[in-house]
1. Report, by residue number, each residue of region 134-152 that is touching a helix residue (DSSP H, G or I) at 6+ places or on another chain (Cβ under 8 Å) and buried (at least 19 other Cβ atoms within 10 Å of the Cβ).
2. With the requirement that a residue be closer than 15 Å to residue 150 by Cβ and in a loop (DSSP other than H, G, I, E, B), what does region 97-107 give you?
3. Do we find a residue being at pLDDT 95 or above, out of contact with any helix residue (DSSP H, G or I) (no Cβ under 7 Å at 6 or more places or on another chain) and buried (at least 18 other Cβ atoms within 10 Å of the Cβ) anywhere in region 101-111?
4. Which ones in region 59-76 are farther than 27 Å from residue 127 by Cα and out of contact with any helix residue (DSSP H, G or I) (no Cβ under 9 Å at 6 or more places or on another chain)?
5. Please pick out the residue among 172, 167, 125, 195 that is outside any helix (DSSP H, G or I), modelled with pLDDT under 95 and either buried (at least 18 other Cβ atoms within 10 Å of the Cβ) or in contact with a strand residue (DSSP E or B) (Cβ under 7 Å, 6 or more places away or on another chain) (or both).
6. Check 94, 89, 55 and return the single one that is modelled with pLDDT of 95 or more, crowded, with 22+ Cβ neighbours inside 10 Å and either farther than 18 Å from residue 144 by Cα or within 16 Å of the chain's Cα centre (by Cα) (or both).
7. Which residue pairs have Cβ atoms under 8 Å apart, sit 6 or more places apart or on different chains, and have a first residue in region 71-93 that is at positive phi and without any contact (Cβ under 8 Å) to a residue 12 or more places away in the chain and a second that is surrounded by fewer than 22 Cβ atoms within 10 Å (Cβ to Cβ) and in a helix (DSSP H, G or I)?
8. Just checking, does region 47-58 include any residue being assigned to a strand (DSSP E or B), within 26 Å of residue 90 (Cβ to Cβ) and in contact with a helix residue (DSSP H, G or I) (Cβ under 8 Å, 6 or more places away or on another chain)?
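The values are calculated or read from the model by the stated rules, or taken from the named source; none is laboratory data. Here the structure is a predicted model, which is why all the values come from computation and not from measurement. As a convention, Cβ positions derive from the backbone with ideal geometry for all residues, glycine included, and neighbour counts pool all protein chains shown.
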């Protein structure tokens with residue numbers, strides 16, 4: 001299935017339009033993270049069903065809606081990639097780069113953060129996410145980046161599987177990153193961009 005990918009500047013208006021694609025998903029299983037040997041020997045993952053499935057919507061978190069990003073950060077070095085099929089928006093991805101206030105960048109110019117990626121519910125599982133991810137890789141490579149970094153949580157099992165399929169490596173696990181959400185574990189994924197083509201997918 002083919003999609004038309006377009007690049008747009010990141011502004012309050014384009015982010016507002018980006019948010020019309022829902023990011024919500026059903027949490028019906030999680031990756032349980034447990035310490036082995038008291039934490040000194042490593043961590044183990046086990047997929048487990050959730051007894052009472054629920055909907056997680058990042059846009060519903062106070063102050064987290066995409067339009068607010070333009071208020072919190074200088075988005076002049078950010079990119080927005082939109083996917084369309086037959087003229088209809090199928091999804092989008094936002095990439096952050098060279099933004100001192102974004103702590104995930106660690107002040108490095110060789111790292112870009114896949115800040116947000118979302119696919120319309122009717123288009124999920126049809127290759128839109130993969131096309132957007134590859135476009136984000138190319139966007140970062142053209143700016144001299146050697147790494148793409150992504151944050152997700154253990155409650156988003158589908159996303160974790162997706163990032164593994166896209167060649168990402170789990171580079172960080174923080175079981176205590178979210179004080180208000182003690183059941184959620186922060187996972188940081190890294191994708192080496194060496195050899196990634198900069199041609200438009």
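1. Within region 134-152, 148, 149, 150, 152 meet the criteria.
2. 102, 106
3. Yes, because at least one residue in region 101-111 is at pLDDT 95 or above, out of contact with any helix residue (DSSP H, G or I) (no Cβ under 7 Å at 6 or more places or on another chain) and buried (at least 18 other Cβ atoms within 10 Å of the Cβ).
4. Within region 59-76, 61, 62, 72, 73, 74, 76 meet the criteria.
5. Sole residue among the options that is outside any helix (DSSP H, G or I), modelled with pLDDT under 95 and either buried (at least 18 other Cβ atoms within 10 Å of the Cβ) or in contact with a strand residue (DSSP E or B) (Cβ under 7 Å, 6 or more places away or on another chain) (or both): 172.
6. Checking each option against the conditions leaves just 94.
7. Once the first residue is at positive phi and without any contact (Cβ under 8 Å) to a residue 12 or more places away in the chain and sits in region 71-93, no partner that is surrounded by fewer than 22 Cβ atoms within 10 Å (Cβ to Cβ) and in a helix (DSSP H, G or I) comes close enough.
8. No, region 47-58 contains no residue that is assigned to a strand (DSSP E or B), within 26 Å of residue 90 (Cβ to Cβ) and in contact with a helix residue (DSSP H, G or I) (Cβ under 8 Å, 6 or more places away or on another chain).
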